[in-house]
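Engineer: Have a look at this one before I ask anything.
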Amino acid sequence: MNLRAALLTATFATLTAAPALADNHFIFELDAGLQTDLAAEDSQGTALGGTFGFGGRIPGSKPAYYFVGRVGVAEQTYGGARTLGAPTLECASTEWALGARMYLPITDRFRVMLQLSLGETLQYTDIHYDGRSPLRIDEDLFSIFADAGVQYRFTNHFSLGALMNLGWHPEDRADLVTRSAAIETDGAIGQMRFGVTTTFHF
């Protein structure tokens, strides 16, 4: 092993051996993953988002609490009924939410993350039929978001993790998007997302 490799190895070992202090008061997080509809079977998509938060530990308490704000975008496709010419639905959505996050430490570096937030989802859907102009449907949905995940804190300022997010639309509404394409669903419920996170603590 050459000197450069030895120094890099020693530096990494030092950073990961020392406990993460978690005394930072701000977080900035990026997430990316896959998204699917909770009701429709034939749906798939991708999602990206960013979260900013501030908070910290209450003196004498191990959990850390943060007030957070998140913005995200997602794209999703559905397959329509063959009896209607097998239309394709292309959905693009933008969401924002405000809420609270809690970190529960398992070890000095491994933590469980729980988050609950309220916001809106702006959804734009184009329904494509062969030989026809696409039909556009816009929706503005009140949304409740619940997140759960795990994080490993490599240094006092950087961690990686994985999360699962549920987005629920509680409003009593007709699901015009899926009905217009005769997509079999159990009702307009919301979305589920699985992703990875990169979090900066400062």
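Where a number appears in this text, it was derived from the coordinates with a stated rule and is not lab data. Nothing here was measured: the structure is a model prediction, and the numbers come from that model. Glycine gets a Cβ as well: all are built from the backbone with ideal geometry, and neighbour counts include every protein chain shown.
Engineer: Grab the beta carbon distance between residue 58 and residue 92, set R0 = 41 Å, and tell me the FRET efficiency rounded to 0.05.
Structural biologist: That pair, residue 58 with residue 92, gives E of 0.50.
Engineer: For residue 202 and residue 142 in one chain, what is 0.36 nm times their gap in residues minus the Cα-Cα distance, to one decimal in nm?
Structural biologist: 18.4 nm
Engineer: Here's another thing I want to ask about it. When the chain is fully extended, how far beyond the present Cα-Cα distance does residue 171 get from residue 158, taking 0.36 nm per residue of separation?
Structural biologist: Length gained between residue 171 and residue 158: 0.9 nm.
Engineer: Right, next: What is the local net charge at residue 72, summed over the other residues whose Cβ is closer than 14 Å to its Cβ (Lys, Arg +1; Asp, Glu -1)?
Structural biologist: Residues close to residue 72 contribute a combined charge of -4.
Engineer: Would you mind calculating the gained length between residue 132 and residue 108 on full extension (0.36 nm times residue separation, minus the Cα-Cα distance), in nm to one decimal?
Structural biologist: Numbers: separation 24, 0.36 × 24 = 8.64 nm, distance 5.86 nm.
Here the answer is 2.8 nm.
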